[in-house]
Every structure is written in structure tokens, then in C-alpha cells.
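Undergrad: Structure incoming, see below.
The values are calculated or read from the model by the stated rules, or taken from the named source; none is laboratory data. The shown structure was predicted, so the numbers you read here are calculated from the model rather than taken from an experiment. Counting neighbours? That spans all protein chains shown, and the Cβs are built from the backbone with ideal geometry, glycine included. Accessible surface areas use protein heavy atoms only, side chains included; no ligands, DNA or RNA. Shrake-Rupley method; radii C 1.70, N 1.55, O 1.52, S 1.80 Å.
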Amino acid sequence: MDLTFSEAELAFRDELRSWLADHHPGEMPHGDEDEQYAFRRDWQRTLYDGGWAAVHWPSRYGGRDATLTQSAIYFEELGRARAPLAANVLGLLLAGPTIMAWGTEEQQDRYLTPILSAEEIWCQGFSEPEAGSDLASLKTKAVRDGDEWVVTGQKVWTSGAQHSKWCMLVARTDQDVPKHKGLSYFLMDMEQAEIQVRPLVQITGEAEFNELFIEEARIPHENLLGGEGNGWKVALTTLMNERAGLGFFLQVRMRNVLDDLVTAAVQNGRIDDPVVADRLGDLHLRTENLRLLAYRGLSTIERYGQPGPEGSLTKWLWSETNQLLAQTAADVVGADALVAGTPWAYELLRSRGNSIEGGTTEILKNIVAERVLRLPRAA
Amino acid sequence: MDLTFSEAELAFRDELRSWLADHHPGEMPHGDEDEQYAFRRDWQRTLYDGGWAAVHWPSRYGGRDATLTQSAIYFEELGRARAPLAANVLGLLLAGPTIMAWGTEEQQDRYLTPILSAEEIWCQGFSEPEAGSDLASLKTKAVRDGDEWVVTGQKVWTSGAQHSKWCMLVARTDQDVPKHKGLSYFLMDMEQAEIQVRPLVQITGEAEFNELFIEEARIPHENLLGGEGNGWKVALTTLMNERAGLGFFLQVRMRNVLDDLVTAAVQNGRIDDPVVADRLGDLHLRTENLRLLAYRGLSTIERYGQPGPEGSLTKWLWSETNQLLAQTAADVVGADALVAGTPWAYELLRSRGNSIEGGTTEILKNIVAERVLRLPRAA
Amino acid sequence: MNFDFSEDQHEIKRTAHDLLAKRSPLERVRAAAESRTYDDGLWTELVELGWPGIAIDEQHGGGGLGVVELCTLLEEGGHALAGSPFLATALCGLVLQAAGDDGQRAAWLPRLASGEVTGTVGTADALVPDADGAALLLLADADGIRLLERYEATVEPVDAIDPTRRYARVSAPAGAGSPLPGDVEAALDRARVAVAAELVGVSARALEMTVAYVQDRKQFGVPVGSFQAVQHRCAQMLLHTESARAATYFAAWAADADPERLAEGAALAKAAASDGVRETTASAIQAHGGIGFTWEADVHWFYKRAQLGAAYLGGGGAMRARLARLAARRVEAVV
Amino acid sequence: MNFDFSEDQHEIKRTAHDLLAKRSPLERVRAAAESRTYDDGLWTELVELGWPGIAIDEQHGGGGLGVVELCTLLEEGGHALAGSPFLATALCGLVLQAAGDDGQRAAWLPRLASGEVTGTVGTADALVPDADGAALLLLADADGIRLLERYEATVEPVDAIDPTRRYARVSAPAGAGSPLPGDVEAALDRARVAVAAELVGVSARALEMTVAYVQDRKQFGVPVGSFQAVQHRCAQMLLHTESARAATYFAAWAADADPERLAEGAALAKAAASDGVRETTASAIQAHGGIGFTWEADVHWFYKRAQLGAAYLGGGGAMRARLARLAARRVEAVV
């Protein structure tokens, strides 16, 4: 057990810190979403030019062959510097690694570099309105027509679709086999009139997500990834990569918000109320627990080649803590936290989505019970 | 809405208070269970002699025709006076009302008075080791043999069995019909060698409960209650009466413990710690909520003839609060609460059973969801 | 002992429910919230029905009923989430009637009761509902409550996260306005009970919507409401709602009939309602899944109103601290 | 960065696990608890294996390993619930080594390491484990820690609710004993980490027993463990256990390798373990249903140990207050 960073890890961190000090894009513009998106796209170009867009990618694809720990350091440092997320975060974290795992050489050559440079933005077309957490019941269907597939259906929770050139699409290509057996995974060009993108406004008033209405959109057969009928397996690769390193970014972001809250409590004197201190102490504990569990998870993967129980716990703990943090902030900060547009008010609304997006807490607990603790499946 | 007691209610209360002031038996002896039981039996005789053993019973059976509110007042006053429970509490609350509802005139004449006078103590033989919360899957069987039934099986959680003359027994009399259809309800004489009573020691070290091992015990046919095959319906009458008024006793008992805790916190100065005050304030809130919900439940029954949603909530709220109270006491009182034999230590252990006995909290929540909120039954 | 409403009280509540269901369905709440306007016609109608003055004495032109009756209306108001200055004006009337002097009452209660003017109650550090349109503002601070006319106060409208209601920050120079001479805490406690009543309605509606949704919505081939986790969540929402409701009815009754128990009742009601409604409305979003997090579902209006209402005139923390003091006093009286 | 044990550490833990599984199965724990005795043979065996001195410097006859290695043993001790003066003696060694002067160390550490004597650490207001048999008692109060020999202290044995261990109240007249001159808080923090390690083991075992039970036990025709409420309860138990474990390992590492982070680490570990273990062991009883509430099931031993351990040397509340101060200091350093 050694919880210090190695020489190589420290060198990596220091190089990044010093690069970040020189290239930090400043604070994200407030308000307009298109403007924010452009800002994040520029920021990814800056990262790309510096060789910092995707440190966890192999160097032959433009990455840095970062170890898991380095990758964690990377996201922690970005978070600590309060730098924005790269625009093409789904491409970098999900599409890229999935294409590396399942794509042909041609596909890898075609898609990876534009992902890295933010030239081509990606979105994820998995969820459907009727399916919710139940991926096996997807209804969007793709029918073979010569060299093409014709796709019809509806997708939901597609973040960034309005900016995307490509979509990781899971669709049903065989109606006659049960559940997830008839699914295939496509790389779908979003620039066609047969795809309507409708923003899905959240309770915050923003539209991070979209609905996709797909009416006979066309996908060349060569854009099938991993072979016909293998969509479930390929999608699992994507899902496995979800939040891999991003977790560290989110956790540091939470730490920043907590630090801001403690600062506010020190400044307005509420920290002297032992009840407030008790709640802040609890939040500090939870935030540190999250960091420690995340690092312990990395060591487990490094040793055993697969995530330990920690992996299924961190997203749940993160979302619960983030919600608690936002509610505590409202109590400690007071009226400002209820004024639309303040960062506290934003957290109070946005955090409600944390326990739903990327797997509801209920589903995550089921997974912990059934896959980690090996309890019998619910009837 | 009128939350004052009526003249009649006040008169009832004052009469009881003044009687209690004259007849309170003093503090229950510590330690020995038989001694405690004898104490409670004496106390019930005192109650009986004063006409206070079962105020909710009709006057023709020796009760006082008490209204629901008077019955609540009765248990509240006993609790407030820190009087012990009558020895034959299951006879008074469960067996008596069930026999009144389902018994023949002969049965009523035979059983009711000895229940009231504590001459014959009753216990309840419903639960079985394999069945747990699932009453429909009872296995104890009764086979007709001439004028008798021959009973074989095992019962568990029979409180007071070692002192009991009679047992409310639910047994399977028909193996060929599904689930709860083949059950019958018997009044079983406990004084036979074919019934072994084995104390079931709890985590407190006491044995409030017992296991019954029944090996061809005999019950005269005339001791069948409500007719063959009607056991489920008769048992529901018993279960409906469970905790009817007792809830008020338990709630006042909790209030007494909370008052003791607040007193301890005032005396040791911990009340000045705002974190402690916050927890005590919460306990005060919960305890009052419980009282208010219980009284509101009475008004609902009086108006609509059946319990409202409150009925299913109070036992759950009571057990949760009692556990919270016990744990808070341990934190506030300190080391004494961890010394075996102190009242605080007893609460810390005993309260763990509250969310299990008389319906686990999980089952109660299911009932609330399915019967009160009309959610679809779990698959 | 009767914890049930009288026939009249039931009738008032039922009528209010039906009226608001018709006049303020969620489509209208949404339209008003999105345009940050009120349905002025609804307010006119409520005024005609005498809602603002229901608990104001008849001698001042009110309906002469009690806090219990007012609370039935406010609960239905919270249930419907109707946007109007009703809560603020009713609170203003309650506080003024309880703590004002004869002159203050005679000058203002008839105008509040008739709906000629609207009023509000608040503190300088909080978001005060409907202050901008109010002719009369009651501003509370450590020294008591001051009665301020609109021109005496600085009112700065703000967009709160709850767009179903108008909010503002209110301040006034030292010495402005006239103090209310009566028992300030008892007056504010009446207002707290009234806020709690609205929150009970918010909580109940969030539960109703959730139950309807999970009965209908299917996942993995079965209704979501058949999952035990969802069932237990809904059961917990019911417990919060019914606890807050029982405490609020008790407190409302105490305000009318047993003022010595008002302080405890108000603290119980506001604590139970404030904490409960935050839990139930957050739970409602969760039980709706992804849909619940979207603007187009209606649950978020309830979550937002809950947050504002929970903080208004003191939240759960402040109330629990009071309850602990009351509990300590109770045992000290015995010891 | 490697949060995993080294091969040696894994080996120590595995060996301890196997030894205790064999030597201290729950039947023996039960027999010892019911007779309120210890298995003296087990203690002799642990002494022979060098457990009491594992973290004591080699120059004083110890194993020269660190708090991490000691914690692996204590975690297994908690998992097995073995009754012995091991925790108390190990804590005494840790504190004395960290805060004692050369003479105190030279006089006592070799005797503690060899198992010739046992020791303990505690406060006058608490139940101190294994004080009655201890030759050496370290008594902490607001002024620091005093080293007391048995004859200098008043030791009053008490039956705690946890019959798997011996407890006593300890006091000493003012001026008795000799003060430890070192950093008292840092020394006590090491002890807190060690207690947390034991509680992690208690928590993990409560979870294991529960998982095994609910996989097996059937109700309504299906295993209890297939009910979502039970599944989610078990998942929550895992979260508590793993959170406490990660915090404890971090703190143990900090004690050995990065003392500046020990104060925070110890507060994190003791808070997470104290609150977590109370939850998991109470949950274990609940998940066992009626059986869990009986003396004949074994879950209650864990609940009882959890209560004692959670309070020992400061519980969650005290630790959270420290963490809040640390968090405030952290931002003040930046501001």
C-alpha cells in the first residue's frame, strides 16, 4: 500500500499543471448554451494541440498511454483547475474506446483523429422513451436495404446531439430473437434530414439532452460496428467506459463546490453553528470517501483486471452526496441559493438529475446486490 | 375539528386518574421474569376489581363500552402513570374481541370473564418458523378424530406461552385447498403434555417469546372458533385488533422515555450542544406526530367506520422513532447506556425488535403501497 | 376529541378543490410560470369568494372563520399550485390581526379582506412572496414586526427558482413604518402554520402525481409501481405528507382554540411540512425517472415551490431548535 | 499510487483470517460470551505469533511493521469477534510508542510486545476494554495522557452490553501516574484508526452473514434476498463497509507514511467506521427478521460490539466536528 504518487505520476501531474497554468481558457461564459459549447470546442482544440485531449488513449491514436492512475490525475487536475469539460467528451470517453475495441482498421483510421480534435462531435443513441433503464427492450429498428440500413425509431437523453456529426446508435436488426440478441451497433451520420433533434429541456431550464426522431435514416453497411447482432456486447464496452475517468472529474468538481460552501459558511459565520458544522463535516467525509473509493477501485482494476465492488458504489455515493451538498448549501447560504441563476440554485436543481442519469440509483443498487453480492435476481 | 376532550371524555379520564392515583402498584420489580409476571397478574386483578381491566369491552362482558377515544385515553393514562401492562394483554386485546365477534354464546360465556380477571391467560399461536410474515403458508395441521382435532406442528413468537392456559391457534385443516383457504381457528388448551413450550431468548437476554412444539395435541371440536375453514377470516379479526389501543400505550411509553432522555440531557448539560438539541427536537417532533396521527386515525374510524392511511403508518413511525431514540440516548447519556441492565442499554437492544415484531417495516410499507396507495402488487 | 373537519370545513375544502381543479389545471400553472405572470382572473374570483379575508374578523369585513378554514384553502392552493397573491395576503391579514393595534387593524384589515389591496409578510434576509404588488408589507426582524406601506419599503423583485410565484427582497430604513405592538412570535407562528398548510398540499399533490405515474409507467415489462423500491418510496412520501398534515391541522386548531399550544404546534407543523415537502417533491422527481427531470413534466414546479416554502419564515432546523427548548422546558417544569 | 496491500500485507491478513476462522468460530465466541470468559489458549497463540507487538519497533522487541499491518490483524479480529486483550494491548503499544518518552517506551514496550503484560487505553467517562487484566493503563483526559500501573488506577469491571469483551471503568487520583510527553492527539489518532479497523471487520462480517442468510431463507416462495428492499439494504451495508474500509486503510497508511494527514485520516476513518458499523449491524438484525432478534442467532454479538466500538475514543459526532474544523482550515488557507 502506497498512497503517494510515483515519480512518473508526479512528473505527469506537474507537466499537466504547468501546461494548464499556461493554457487555462478562463471561466466559461454564462448563459447562452451555443456560446458555451463553442467555448468547450475551442478548449478541446487547445487540449488537442497540446497533446492533452485524451491521455488514456494509446499514443498511436494520439493519446499518451496514460495508466489508470495518470488518467485519474488528469481528470482531477482538470477539475482542480476548474477547467471546462472538452466538447467531445462522449467521443473521447465512449466512442473512441469502443471503436478501438471493436472497429476495423479502416474505421479506426476514419474516426479516431476527428474525435480527438473535436472536428467531429459524437453523441450516444442508446436510451429510448419506453425502455428507460431497460436496454434489452429497445424498439428502434434497422432494416437492411442493399448496402445500407434503414433506421426508424426514437431515442432520448442524447446529450449534445445538436452539435454532433456522429451517433453511437444501438438498433434492433432482428425482430425474431429475444431481447438483446437482435441488436446491432451503428455509427450513424447525424447530418441527414431524416433525423430530427428536439432539445429536451431540463428542470434547470437548460437543454443538455435531446430527443432524436429517426424516420428512415440511412446508414451504410460499413458503419456497422462489431458485426450484425453483436450490438449488446459492443454497447457494453461503451457502458463500461462510461464515467471511467470522468468520475474523478465529477468528484473534484464536487470537492470544489464543497470548498466554496465551506468558504461561504466561514464568511457568513454559519460555520460556528455546530449543526452546520456537523453537516459540513459529513459532506467532507463523504467527499473524501468518494475519492478514496475511486482510487481504491483503480488499484483493484490494476491488480485483478476488473473493477471491485467500489466501482458500482461511487456513482451512487456521488449522486447522493451531490444532492445533500446542494440542499445543505441552500440552508447555509440562504436566500441567494433560491435565486434563479446563482450557482447554488443551479446545483439545487441540477443535482436532482444525478440519481437518474447514467443509471438510476435504484438500478445501481440492484446491480450491487445481484452482481457484487450475488443475491438472487428479483422475480 | 375539536381537539379538546369532551365532558364525557374528561370525566372518564379524571375518574381513571383518580383511581390510578389510589391503586398504582408501584414500580415493576427488576430482573426475574416470573416475579414480573406475577406482578402484572396482580395488577390485572386490581384493574379487574376496579372495573378497569378492559374498558373497550361491552359492559355486558364486564367492560365499560368505552369509545375509541376513551380507550385511547385509557392506554395513555396507564402509560403516563407508568403503570405496567396487564398480564393478560393478548386475552384482553385479541382473544376477547375475537371471541365476541366469532364465538357462540356458550364460548363467550365460557371464556370472557376468566380473560378479564386474569384467571386464564392467553397466547397467540399464529407465526411459524418457516412462514415468517407469510401467514398463508402455515404448516401446523389439525386432523379431525371423532369429536376432537389432533394438532401437530410448530409455532413461534408466542409471547407469554409459559403462563398461558389458552392459545389462539391457527392450523391447517384442509391440505387440498390453496393457501389460506384451508385454515381453521382453535381455542387450544395449553395444559397438555403434547405441547412443549421452549423460551425464545431475545438479544436482550429476556424471553418474552416462546416456541411451541405441538405433537398430537388434542382440541375438542367445540373449541373451533368461527367454523371449519374460516381460520383466515377469524385470524384477520385478531390481527385487526392488534395494537388497536395498545398503540397509545406504546406511544406514551415512548414519550416517557424521551422525557427521561431530555431530563438526562438537561442534567448533564448536553442539551446545550445544538447538535444534540437538533436530534432531541426531531425526536420530539416524531413523538408528537405519532400521537397526532394516532388520534387522527381514531377520528377517521369514527367517521368512515374504517381506518385511514394513518393506521398503517403509526406502527412503522413508532418503531423507527423508538430505535432513533434509543441510539440518540446512547450518544447523549454516554457510557451508562452501554452497561448491561441499565434502562438505556435495554432500549438500545429491545428497540431493534420493534421493526420486526408485529409485521416487519418492509411488510408494513408494502401494505401501505398496495392497500393504501393502490400500487400494483409486486410480481 | 374530533380530529376530523366539521361538515362546513369539509365543504369549504371540497369547494376549493373543485374550483382550483377547474380554474387552475397544471397547463395554466405552466403557462403562467413560463411567462412569469399570474392569472388575474383567478385572483378576482378568489377575492369574490372571500378567500383573502376568510380568517379576518367580521367586524373588519372578513369571513370571521378561523385558521383551520384558512388552512383548508391554502392546502388546496398548494395542491393546485395556483399563482396568486393569496398566500401572502392571507398571511399579512393573520399577522396584522394577531399583533396589530386597533388603528392598524381598522385601517388595513378591511382592505385586505376585500381584496382591495394585497399584503405580505417577510424578513429582510429572505425572498418575500408577492411583495412587489403589495400595498402593505409586514417586515419582521429581531426587534419585532414593522408595518410598512409600499412607499416606505424598498422592494427589489427577483426571479426565484420557483416561477409559479413572484418574489422580492424587501428592506426599509431604520425607523420607517410603525411597529406592531402585539405578540410578535405568536403572530408569526400563525403565519408559519398557514405556510405549512400550503406545503401539505404541495406534498400531497407530488404524491398523487407519482402514484398515478408509477401505476401507469412500465419497465422491464411490469408497472414501475410494482417494484418494492418504488413502493417503499411512495409509502415514505405518504408518511411525510400525513405527518405534516396532522401536525398542521393540530397547529391550526391550536391557533383558533388553544393559543397556549400554538408555539409548539407551529414549530411542529413548520418542521414537519418543510422537511417533508422537500423529501416528497425530490422523491417525486426520482420516481418519475428521466421524465421527472424534464421541464415538460410538471413535478418540478412542486419541487421548486417546496424549496421556497420550506425556507420561508424558518425551516426545519430552526423549528427543531425551538422544539428542543420546548421539550427541555417541559421536563424542567416537572423536575 | 497503489491502494492495494502489498503481497506481505495480503499474506498477513489471509493468515490471520484462516487462523481465526479455525480457532475462533462463532460457536466459541458464543461459548465465551455466555460464560463471560476468554479463550486464553487463543491469546497465548496470538502472542506466540507476535500479534501484540506487530507495530512495535524492533528495538523494543516488536515486529517492526506498521499500523497498516496491525490494522489487517484487527480487521480480522473484528470479523471473527474473537475475545482477547489483543485490541487493548495493541492500542496501548501504539499510543505509548507514539507519545511516550524513551524511558517509558523501554520499560513497557518490550513487555507489551512479548505479551508478558497486557495494556489498554481509555478515558474516565468511558468503558475501557480489558482494563481489569491490564498491567499498564493509559488514561486520557483534557490535560493529556497519563501512564498508570495497575496499582495506581481504580478499575471497576462492568458488564457491558457486549459480552464478547471485558470492560471496566478506570479512574485515578489527580497526580497519579506519569504523563506521556509526546503529541497526545496524534497518538490517540493512531488508536482511533486501529479501532476503526476492528469495526470494519465487524461490519464486513455482519454483511457476509446477512448475504448468506437472505440467499438461503425463503418467504412467499422465493429467497428473501430477491426482494428489492432486502437487496437495497444489503447494497447500503456494502457501501458503509467499503467506505469505512477505504478511509481506514488510508488513515493507517497516513499513520505510517504521511503523519501530516493522520489527523484527517483518523477522523475520517473513525467517523465512517463508527456510524457505518452501527448501521450495518442493525441492518443485519433487520434483514434476518425475527431470527435476527433472538439470542440464538449470532448477529447480535456484532451489533453489541459495534455499539461499544463506535463510542470508544470518540464517535461520529465528535469526528464530524473535527472534520468541519479541518475543512474550514483548508479553505482559510486558500482564501
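Undergrad: Accessible surface of B:Asp145 in the full protein assembly, 1.4 angstrom probe, to the nearest 10 Å²?
TA: Using a 1.4 Å probe on the heavy atoms, I get roughly 80 Å².
Undergrad: Would you kindly work out, in nm and rounded to one decimal, the distances from the label point of C:Ser171 to those of the same position in each other copy, ordered shortest first, with label points 7 Å along Cα-to-Cβ?
TA: Distances between equivalent label points, in nm: 5.7.
Undergrad: Can you tell me the Rg and Dmax of the range A:144-285, counting just the alpha carbons, in angstroms?
TA: 22.2, 72
Undergrad: What are the principal axis extents of the Cα atoms in the range A:1-46, in Å, biggest first?
TA: Dimensions of the range A:1-46 along the principal axes of its Cα atoms: 46, 22, 15 Å.
Undergrad: Under unit Cβ charges (Lys, Arg +1; Asp, Glu -1), what dipole magnitude, rounded to 20 debye, does the range C:7-179 have relative to its Cα centre?
TA: Working: 14 positive and 28 negative charges, 69 e Å.
In total the dipole reaches around 340 debye.
Undergrad: Gain in length, A:Glu105 to A:Glu7, computed as 0.36 nm per residue apart minus the alpha-carbon separation, to one decimal in nm? List each step's numbers first, then the result.
TA: On the way: separation 98, 0.36 × 98 = 35.28 nm, distance 3.52 nm.
Roughly 31.8 nm would be gained on extension.
Undergrad: Further question on the same structure: In percent, how large is the relative contact order of chain A, given Cα pairs closer than 8 Å and 6 or more residues apart?
TA: It rounds to 12 percent for chain A.
Undergrad: Which one, D:Val193, D:Ala135, D:Met209, is farthest towards the positive end of the dipole of the protein assembly as shown when Lys and Arg carry +1 and Asp and Glu -1 on their Cβ?
TA: Final value for the positive-end residue is D:Met209.
Undergrad: Of D:Val331, D:Leu239, D:Leu268, which is farthest on the positive side of the dipole of the range D:184-333, counting Cα position, with +1 on Lys and Arg Cβ, -1 on Asp and Glu Cβ, and the Cα centre as origin?
TA: After comparing all options, I get D:Val331.
Undergrad: From the alpha carbon gyration tensor of the range C:1-63, can you work out the equivalent ellipsoid semi-axes (sqrt of 5 times each eigenvalue) and give them in Å, largest to smallest?
TA: 27, 17, 9
Undergrad: Find which of C:Ala321, C:Gln307, C:Gly292 sits farthest along the positive direction of the dipole of the range C:285-335, computed with +1 on the beta-carbon of Lys and Arg, -1 on that of Asp and Glu, about the Cα centre.
TA: C:Ala321
Undergrad: Count, for each residue of A:360-372, the Cβ atoms from other chains sitting within 10 Å of its Cβ, then give me the mean as a whole number. Write down the numbers at each step before the final one.
TA: Numbers: counts 6, 4, 12, 3, 2, 10, 6, 2, 8, 14, 4, 0, 5.
Partner Cβ neighbours, averaged per residue: 6.
Undergrad: A further question follows. Would you rank A:Glu35, B:Glu130 by solvent-accessible area, highest first, keeping every protein chain in place and using a 1.4 Å probe?
TA: Values: A:Glu35 100, B:Glu130 120 Å².
Reading off the accessible areas and sorting them downward yields B:Glu130, A:Glu35.
Undergrad: Which whole number gives the average count of other chain Cβ atoms within 10 Å of the Cβ atoms across peptide D:122-129? Show your work: numbers first, answer last.
TA: Numbers: counts 0, 1, 1, 3, 3, 5, 1, 0.
Neighbouring Cβ atoms belonging to other protein chains average 2 per residue here.
Undergrad: Between rounded, prolate and oblate, where does the protein assembly as shown land on the alpha carbon gyration tensor, with a ≥ b ≥ c its root eigenvalues, rounded for a/c under 1.5, else prolate if a/b exceeds b/c? Each step should come with its number before you reach the end.
TA: Working: a/c = 1.39, a/b = 1.10, b/c = 1.26.
In terms of gyration-tensor shape, rounded.
Undergrad: Top to bottom by accessible area (1.4 Å), largest first, where do C:Lys218, B:Lys181, D:Lys270 land? Write down the numbers at each step before the final one.
TA: Details: C:Lys218 110, B:Lys181 135, D:Lys270 0 Å².
My answer, sorted largest first, is B:Lys181, C:Lys218, D:Lys270.
Undergrad: Nearest 20 debye, what's the magnitude of the dipole of the range D:184-333 about its Cα centre given +1 on Lys and Arg Cβ and -1 on Asp and Glu Cβ?
TA: In total the dipole reaches around 300 debye.
Undergrad: Going down the table (A:Lys141/A:Lys233; C:Lys13/C:Lys304; B:Lys155/B:Lys179), which pairs top 22 Å between alpha carbons? Could the numbers behind the result be given before it?
TA: Details: A:Lys141/A:Lys233 17 Å; C:Lys13/C:Lys304 24 Å; B:Lys155/B:Lys179 17 Å.
Too far apart for the 22 Å limit: C:Lys13/C:Lys304.
Undergrad: Separate question: Please provide three numbers in whole Å: the alpha-carbon extents of the range A:225-379 along the principal axes, with the largest listed first.
TA: The Cα atoms of the range A:225-379 stretch 59, 32, 32 Å along their principal axes.
Undergrad: Something else now. Have a look at chain B and give its Rg and Dmax from the Cα atoms, expressed in angstrom.
TA: 21.3, 72
Undergrad: Chain pair B, D: how much accessible area is buried, both chains summed, with a 1.4 Å probe, in Å² to 100? Could you put the intermediate results ahead of the total?
TA: Working: alone 18870 and 14930 Å², together 31120 Å².
That pair of chains buries around 2700 Å² in total.
Undergrad: For a quick check of understanding: with a 1.4 angstrom probe and all protein chains in place, what accessible area in square angstrom does D:Ser114 have, to the nearest ten?
TA: 60
Undergrad: Starting from the Cα of D:Phe220, step 7 Å along the direction of its Cβ; do the same at D:Ala257; then give the gap between the two resulting points in nm.
TA: 4.9
Undergrad: If the label for A:Glu27 sits 7 angstrom from Cα along the Cα-to-Cβ line, what are its distances to the same label in every other copy, in nm to one decimal, shortest first?
TA: Going from nearest to farthest copy, the values are 6.5 nm.
Undergrad: Let me ask something else about it. Using R₀ = 41 Å, calculate the FRET efficiency as 1/(1 + (r/R₀)^6) where r is the Cβ-Cβ separation of D:Ser171 and B:Ser18; round to 0.05. All intermediate terms of the calculation are to be shown ahead of the outcome.
TA: Values: r = 48 Å, r/R0 = 1.18.
Step by step, r from the Cβ atoms, then E = 0.25.
Undergrad: Treat each spin label as a single point 7 Å out from the Cα along the C-beta direction, and report the A:Asp65 to D:Ala31 distance in nm.
TA: Result: 6.0 nm between the two label points.
Undergrad: Further question: Using only the Cα atoms of the range A:208-298, what semi-axes does the equivalent ellipsoid have when each is the square root of 5 times a gyration tensor eigenvalue? Give whole Å, largest first. Please report the intermediate quantities before stating the final value.
TA: Details: eigenvalues 404, 62, 16 Å².
In descending order, the three semi-axes are 45, 18, 9 Å.
Undergrad: Between rounded, prolate and oblate, where does the range A:7-117 land on the alpha carbon gyration tensor, with a ≥ b ≥ c its root eigenvalues, rounded for a/c under 1.5, else prolate if a/b exceeds b/c?
TA: On the way: a/c = 2.20, a/b = 1.16, b/c = 1.89.
Oblate is the answer for the range A:7-117, as a/c is 1.5 or above yet b/c matches or exceeds a/b.
Undergrad: Largest first, how would D:Ser178, A:Ser59, B:Ser355 line up by accessible area (1.4 Å probe)?
TA: On the way: D:Ser178 45, A:Ser59 65, B:Ser355 5 Å².
Result, largest first: A:Ser59, D:Ser178, B:Ser355.
Undergrad: Please state, as a whole number in µm²/s, the translational diffusion coefficient that the Stokes-Einstein equation yields for the range A:122-228 at 4 °C and 1.567 mPa s, with Rh defined as the Kirkwood radius across alpha carbon pairs. Intermediate values should be presented prior to the final figure.
TA: Numbers: Rh = 13.8 Å.
D, rounded to a whole number, is 94 µm²/s.
Undergrad: Further question: Which of rounded, prolate or oblate describes chain C when judged by the alpha-carbon gyration tensor and an a/c cut-off of 1.5?
TA: Details: a/c = 1.67, a/b = 1.36, b/c = 1.23.
Since a/c reaches 1.5 and a/b is larger than b/c, the shape of chain C is classed as prolate.
Undergrad: Treating only the Cβ atoms of Lys and Arg (+1) and Asp and Glu (-1) as charged, compute the dipole magnitude of the range B:122-228 about its Cα centre; round to the nearest 20 debye. Show your work: numbers first, answer last.
TA: On the way: 10 positive and 18 negative charges, 52 e Å.
Value, rounded to 20: 240 debye.
Undergrad: Averaged across the residues of A:338-347, what count of C-beta atoms belonging to other chains lies within 10 Å of each residue's C-beta? Let's see the in-between values first.
TA: On the way: counts 13, 7, 8, 3, 1, 0, 1, 5, 1, 0.
Averaged over the peptide's residues, the number is 4.
Undergrad: Could you give the alpha-carbon Rg of the range C:226-329 over 2.2 N^0.38 Å, rounded to two decimals? Walk me through the intermediate numbers first.
TA: On the way: Rg = 15.7 Å, N = 104, 2.2 N^0.38 = 12.8 Å.
Rg over 2.2 N^0.38 Å, computed on Cα atoms: 1.22.
Undergrad: Same structure again: Quick check of the Kirkwood formula: for the range A:119-166, what is the inverse mean of 1/r over all pairs of different Cα atoms, in Å?
TA: Values: mean 1/r = 0.0829 Å⁻¹.
With all distinct Cα pairs of the range A:119-166 included, I get 12.1 Å.
Undergrad: May I pose another question? With every protein chain in place, what's the accessible area of C:Phe5 (1.4 Å probe, Å², nearest 10)?
TA: 20
Undergrad: Placing a label point 7 Å from Cα toward Cβ, how far apart in nm is B:Asp336 from its equivalents in the other copies, listed shortest first to one decimal?
TA: Inter-copy label distances (nm, one decimal, shortest first): 4.5.
Undergrad: Working from the alpha-carbon coordinates of the range B:289-371, get Rg over Rh, Rh being the Kirkwood radius. All intermediate terms of the calculation are to be shown ahead of the outcome.
TA: Values: Rg = 15.7 Å, Rh = 14.1 Å.
Taking Rh as the inverse mean 1/r over Cα pairs, Rg/Rh reads 1.11.
Undergrad: Something else now. At a Förster distance of 56 Å, what's the computed FRET efficiency of D:Glu185 paired with B:Arg377, Cβ-Cβ distance as r, to 0.05?
TA: Numbers: r = 56 Å, r/R0 = 1.01.
FRET efficiency, D:Glu185 to B:Arg377: 0.50.
Undergrad: Let me ask something else about it. Please find, in a Gaussian network model of chain B (springs between Cα atoms separated by less than 10 Å), the residue of B:Asn210, B:Asn88, B:Asn366 whose mean-square fluctuation is greatest.
TA: B:Asn366
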